Structure formats: C-alpha cells, structure tokens
1. If you take the Cα atoms of region A:201-349, find Rg, then find the Kirkwood Rh from the mean of 1/r over all pairs, what is Rg/Rh?
2. Of the residues A:Gly52, A:Gly241, A:Gly67, which exhibits the maximal mean-square fluctuation in a Gaussian network model of chain A defined by a 10 Å Cα contact cut-off?
3. Which of the helices in chain A, when you take each full DSSP H run, stretch at least 27 Å along the axis at their Cα atoms and have an average Kyte-Doolittle score of 0.0 or higher?
4. Give the accessible area for A:Asp261 in Å² (nearest 10); use a 1.4 Å probe, count only protein heavy atoms, and leave out ligands, DNA and RNA.
5. Have a look at the DSSP beta bridges in chain A and tell me what percent are antiparallel, nearest 5.
6. Run the lone-cysteine check on chain B: no other Cys C-beta under 4.7 Å from the residue's C-beta.
7. Once you mark the GluC sites (Glu not before Pro) that are in a DSSP loop and have at most 14 other Cβ atoms within 10 Å, what is the longest gap between them in chain B?
8. Restrict the search to region B:1-75; then list the trypsin sites (Lys or Arg not before Pro) that DSSP places in a loop and that have at most 14 other Cβ atoms within 10 Å of their Cβ.
Number of protein chains: 2
Amino acid sequence: MARQVKIIGVQVKDIRFPTSLQHDGSDAMHTNPDYSCAYVILNTDSEHKGYGLTFTCGNGTEIVVAGVNAMKNWVVGKQAYDIFNDFASFWRKLTSDSQLRWIGPEKGVMHLATAALINALWDLWGRLEGKPVWKLLSDMTPEQLVSTIDFRYITDVVTEKEAIEMLRKDQSKRAQREKELLANGYPAYTTQVGWLGYSDAKIKMLCQKYLDQGFTTFKVKVGQNLENDKQRCRMVRECIGWENTLMVDANQVWGVQEAIDWMIELKEFKPLWIEEPTSPDDILGHATIAKALEPHGIKVATGEMCANRIMFKQFLQHNALQYCQIDSARIGGINEILSVYLMARKLNVKVCPHAGGVGLCEMVQHLQFWDYICLNGDKTGKWIEYVDQQHEHFKVPTNVQNAAYIPPLAPGYNTEMFEATLKDNEYPMGKVWQELIKQGKHYDPR
Amino acid sequence: MARQVKIIGVQVKDIRFPTSLQHDGSDAMHTNPDYSCAYVILNTDSEHKGYGLTFTCGNGTEIVVAGVNAMKNWVVGKQAYDIFNDFASFWRKLTSDSQLRWIGPEKGVMHLATAALINALWDLWGRLEGKPVWKLLSDMTPEQLVSTIDFRYITDVVTEKEAIEMLRKDQSKRAQREKELLANGYPAYTTQVGWLGYSDAKIKMLCQKYLDQGFTTFKVKVGQNLENDKQRCRMVRECIGWENTLMVDANQVWGVQEAIDWMIELKEFKPLWIEEPTSPDDILGHATIAKALEPHGIKVATGEMCANRIMFKQFLQHNALQYCQIDSARIGGINEILSVYLMARKLNVKVCPHAGGVGLCEMVQHLQFWDYICLNGDKTGKWIEYVDQQHEHFKVPTNVQNAAYIPPLAPGYNTEMFEATLKDNEYPMGKVWQELIKQGKHYDPR
C-alpha cells in the first residue's frame, strides 16, 4: 500500500478544440467558447503517471497553465503516499500558499489550477491502487475518506465527526449498491438539444436522436430573447412530450427580478429547474428567485461556477438552490467536492453534477457513483449531465448506455488523453491551431 | 474635451519588492509576502500615458500579468474617449469576454488584472483632463458619474436612477467640502504597529512614532496565538492609552465559532472592529459573528478580499459588516468600486478603505475624497488605512500630514512609478532580484 512513489515532475499543457466554429456549447453568456483544458501530467519515478485537467473556454487557458506552474513546487519531489496519507493537510497547504492566496483565495484561475493538479493526484492514486477513482473512494473507511477533506470554514454545517457518522450509517449497503450500479448505471440527462445558435431542424433532429437513445430528460438554453426561448421550448416540448423532463438554463444572464419575470413567462413549458438565473456569486439573489418561483413549481439549480465550498455552504444553508450542480474541475478538486456532497447530504439537497466541456463527464461520474454507493443510495429524480462531445480524445471515455453512465473499470480518473490529441490541439503550435490561424479563422472575442 | 487619443499599446510588468526579508506585512495567513504589483502602462498616440497597477504578494504576479495580456486586445486600438464616454459598456465587455469569463467570472486573478487595466485607463483620463482622479470624479455630473457604472446584478439594492438622486442631493455642497478637504485632509489610521513577527521593542517604538505623528487609531494583527495576541494588545493599549482607537485584524484565520470565542477573549482591549474574522466568501458567517459580537461592542470589518460588487452587495444587505473595506485594486477598478460606495451609502454602512501594499494608499485616497465631497460629507469615525511603505517608488506619493491624507493635485491616479524602480525591481531580471537569487535568499513558500 504505502509503496514509495516519488513525483519527479509536473508538465502542464494548453489544449484547445475549435468548438466555436460550430456554436457547440453556445449559451447566453458564452457565445463563442473554444472548449479547452489545462492538462497536467505528473511524472513519477515509477512507471505510473497521473493525468488531470481543468476545463476552460479557449482564451485564458494559458493563464491557468501559469497558475499550475506557480503551484507545482508544492508537488515535485514529494512522495505520493505522503500526500495521500495526509491529504487534507496537503490540500490546505496548496490552497493557502502565503504568497499565492492573495490572487485567489480559493477561486477563479488559482482554484481551477488547483483542481487540475489535485485531479491528477487522484488519477495517480487510483492507478497506483489499480482502481477507478469511484472504487478507490468507495473502498475507503469513513475515517480515511474524511481524512482527505479540509473542513476549514464549513464546520458550522458539517464537522469531521458528523461526516464520519453519515458515512458509517450506510456502510453495510455499499456492496449491494455497487452491484446495482454496475448493472444499471446512473441516469444521465442531455443538454445537447438546446444550445443557442442551433437551427430548428438541428434541434428537432437532436431531440429525436436522444429520445431514440433512451433519454427522458432534456435541457435547453434560454435568456437571450424571450420569444425565441418560447419558440424553442415549445418545439422541444412537442418533440419530447410532457411525460419527459425539461430543464432550462440561463447561464447567469439576468438580474434577480428579471429572472423571476422571465421564468414566469416560461412556466407554461413546465421546466423542472431554472439553472444559473443570475450571478453565480449571488446567494441571496438565488434565494429570492427560488422563493418566488416555488409556487410555480420551478426549482433553482446552480453550481458550475460556484467558487468553492464556502459559497456552496451558503447556497445550501440559505435554500438558494434545490439542485446542487457540482463541477469536477471548478472547485479545488475531489477533496473539496467531497465536502460539498457531505453538506448537501446533511441539508437534504439533491446533487445533479454539471458536465460536458472537456473531460467533465469523464471525471464527475466517479463522484456521483461514490455518492450513490456510500452516502446517498438514491437516484430518484437525479441525473448527471451528459454532452456527447470531446470524449473521443480520452483513452477511457465515458460509456453512456440507454441514457445511463456505466461505471468505468480502468484504474484512475479517466483523465488521460491520447498523445495525438495533445500534439495536434496544443495551443498555439499544434497543427489544428496552426491551420486555423493560417486561414484567419481564429476566434477574436471583440 | 473629446479630443482623439488612441491607445496604441499595453505593456505589463512584474514588479516585486523583497518585503518578506523584514516580515513587513506579515499576518496570520500571509506569513511571508513579497509586496508586488502587476504594473500596466498604456501607450497612446499622444504624449500622454496611463499607469495602473494591482497589488500582489510575490509569487503569482506573473499569473496576473498573463491575465492582463489576455485582455489587452480589448484596449489596444481604441480611442480613449470612446471608452470614457460609454465606460459602463466597455467595463461590461471587458469583464464578460465570452471565453475569459469562465476562468473568473469577476474574481481572483482575472478581476485583479481587470483592476490594473481599468486603473490605468482612469489615470490616463485624469491626465488628459489635467485633474487628479478625485477631482475628475468630483467634477462629474451625477449622470456622468453613473454612466461609468455597470449596474448588472445590483439593481435589487441600487438602481441607476436612485444613484443619480443620491448624488444630486449633495451637489450644492461639493465646493465647500472640497475646500475643507484640501485644508484638513482625510483621517488615516496606521497598521504599522502590529504586524506579526515584529519584536516587542519594535512595536513600542512604532506606537510612539505614530503617536508623535498625530495618529489616534491603530490596528494590530491577531489570530496566530491567543496569549501572544493578548500580550501584544495589552502592550499597544499601554502605549496608546484608552482614549485612542484600537482595531484588530485576523486575516481570515478562524472558523465562525472560533472567531466569536477568540474575540470574546480579546474584548477587554476594547477593539473597535475585528477585521476579516473568517473566509472572505462567508457572508452568512460574518453576519453570525457580527450578531454575536454586537453585545460586546465589537464591529465586523471586511472587504480587502471581497471578490466583486455582488459579494459586497450581500455583505451590505445582510448586516455582515459594519465597516466596508473597499480595496482599490481587488475588484474591477474604479467603476465597480463606485457602485460599492453607492450601495454602502444607500444601506448606511461606513466605508473605511483598505490600503498599504504597493500603491493602494496612492489610489484609494482619491475614491474616499470623492465619497466625502459628492456622496457622504461626513468623516466622523472613518479613516483610510495607512502604511508607510513603498511610497518612495511613486512619482507622486501619498502625502500624510498629522495623520491625514492630503489630496494630491497632480493629474491622474498617482500610479506612476519611477523608471529606476521598474528597472531594478522587475522580476526576475531586475538587479534587486538577481542579487537575492544569487545569495539564495529568494523566498520559497514550502
């Protein structure tokens, strides 16, 4: 177990895909994203490596790369198991660096960089143990699991002791749940029918395609134009019927009152939730929106841009969200996300992870599987987001069958990309980008 | 007035001072800061330039520099007055960049970089008008002033219309207040007696020094060790007496309950406020602390790491702070800080700016002067923080006389540094750093 594996180097790469050319991923705030990632490779003195990433949207990936480079001295030269055996302490040191914390703390670029590094460490740990990360997590005792989490600033909602108790409660059910999950997988919903910028024909075609694949839950982007939103929601409802589930997502485009007014206009389409109605920092604003929409049967979902556990804590405490959308690359990696699951469990809020982008589906499934096996044991009315893009670049891509994520069995966190992808898509020198730059098709946001 | 001045280039430099060698600026969370800044120079097709900066703590300055570089295409090639005449729109575009906003939004590295760029634009504007920024602001009509502010996400506290009304109310008093300010300045408090790591003798010497300079208000760092805190608070009280004012600052080191317990232990020293008792993101936590300490006569102050106007809005709405400590380089520059002043005024909360570091005193004085002249008109029980360090690098340093900031008359935002400073302190190639690196004295946080 505690074999000696030394981390001898950290590489970090700027990998981008020119998705803005097809409007894939376009929403009311992100009209032209080039799905990208800062990609970390941990080299060790053994044959094992660790791969980790954080998702980005094109420009700015180089800044996150600079963030990882500034932190890598915390990792290089360390014995991997010295980190894993006291992971909470390591995590706190990394996020409390006396000079770096000023430019965070625990948010934005620096926390994305933290996530990339931490995700790579968990991938390495899974590989060293010969287990997928969901299984690594699920095989931990409550005490081991909790030893990875920094409880600073959240003990007013959950303490280490309470966390251990929550995990102990269902320990005997783990084996049965694992078996069930391996047989049936975890429900997925699709966001792919409703990006802004898709034509009507494309939306209809996609609705049918995902219905045929067994999907029952569909998300549509809204918020740029009310009439257009109505027309697209109507079209999607006509395709998917009323027995299936529809959610809508505004990607932060509204103020508080505007969100309420707009959603009342859309209530005829019976959306389950409105996602990101306003600023991701506005806890009290979300609470106001949730309260106003509650009589109309519309819930509030948010989390993909929630900065850290302290923000999640308040959203959860304040009934500001009813669906907690953790993101596997936004807050500081698995250690911190586990603390959000524990708080959500304590306060009885459903976790429906954000995914898509680059590698987010690959990673977040592990965490939701662990939640099901060890903490929650209930999939009712819960889904993991699914977007069928950029999976082909991963050596072990997500496996979604009949609208369910099937647990991967390969060791690690499913974060390793093909060498050819890394070579061709590295920005700006990879051949994908050199060709676009030559053709003048390189996106300029101005 | 609307002369054509084109911005033809943006330079950004990584400037650092080795302050960690003397423990200047040491607190419970930042034990070894090297006070630094990302320094922006806007070049124009005229003889005028704009200088702007954001404060950093050493490592990581290069990341903020990368942030500025990623945004500079929004500025280069623009006519300066096209920006100034529709400043709110420009500010929103800069902070809503479709690809960059994912790695913020409006927080951390990207918002620090925004501040550096925006501060440089205001410096340029002041220079073009031949006015210090406080005077540029104070000479604006309410409508002009408000046209610089993006009200997105804050209209539930203050609307454009309400802001104009608030500013109109005191318009007739501006001339008199300006005269008064030029004569007497604005009160300052000193943080310099109480950094962690200073010896007893040094603390006593500094108390006497600042008493002799006319200071009546003193701040001490706390939070590393309760007995040591008591001993230092007692020593400072012995030096400054009980008729003067003492504040304490924990720099985020505690959880919520811990903050309450610790401060009750320190209440015998009658601190006016506890600053940053816990995570800068914990609005509800600060509110809990403020409520618990209210019967003990201790107020809560925070803001230097508050990410943006949306976070400030909630702190203000929720009675989570009684002293609002805006920072001139943390949130997205003057435009956004003005919105915080307006919200604080509306909700009757005192603004006592954070300063120190590099250039923070130089900049923030302008904003507090404007607040006094145009919005607030009252200095009672308010101060601007003052730290007597790094001023010698600025061409027009702050002028503090008899514990009061005296308004500068030079055009601009007081942000221009001497060429020699830029040359010697540029990291890592400036001679200051080359020598330290050669001697092996370069700080390593691990």
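The values are calculated or read from the model by the stated rules, or taken from the named source; none is laboratory data. Predicted model only: the values in this text are computed from it and were never measured. Don't worry about glycine lacking a Cβ; one is built from the backbone with ideal geometry, like all the others, and counts go over all protein chains shown. The accessibility values were calculated without ligands, DNA or RNA, using every heavy atom of the protein model including side chains. Shrake-Rupley method; radii C 1.70, N 1.55, O 1.52, S 1.80 Å.
1. Reported Rg/Rh, Kirkwood definition of Rh: 0.99.
2. Among A:Gly52, A:Gly241, A:Gly67, the largest GNM mean-square fluctuation belongs to A:Gly241.
3. Those that pass (Cα extent of 27 Å or more, hydropathy at least 0.0) are A:108-129.
4. For A:Asp261, the solvent-accessible surface is approximately 80 Å².
5. Looking only at bridges with both residues in chain A, the antiparallel portion is about 55 percent.
6. B:Cys37, B:Cys57, B:Cys233, B:Cys306, B:Cys324, B:Cys352, B:Cys361, B:Cys374
7. Between exposed loop sites, the widest span is B:244-446.
8. Those satisfying the criteria are B:Arg3.
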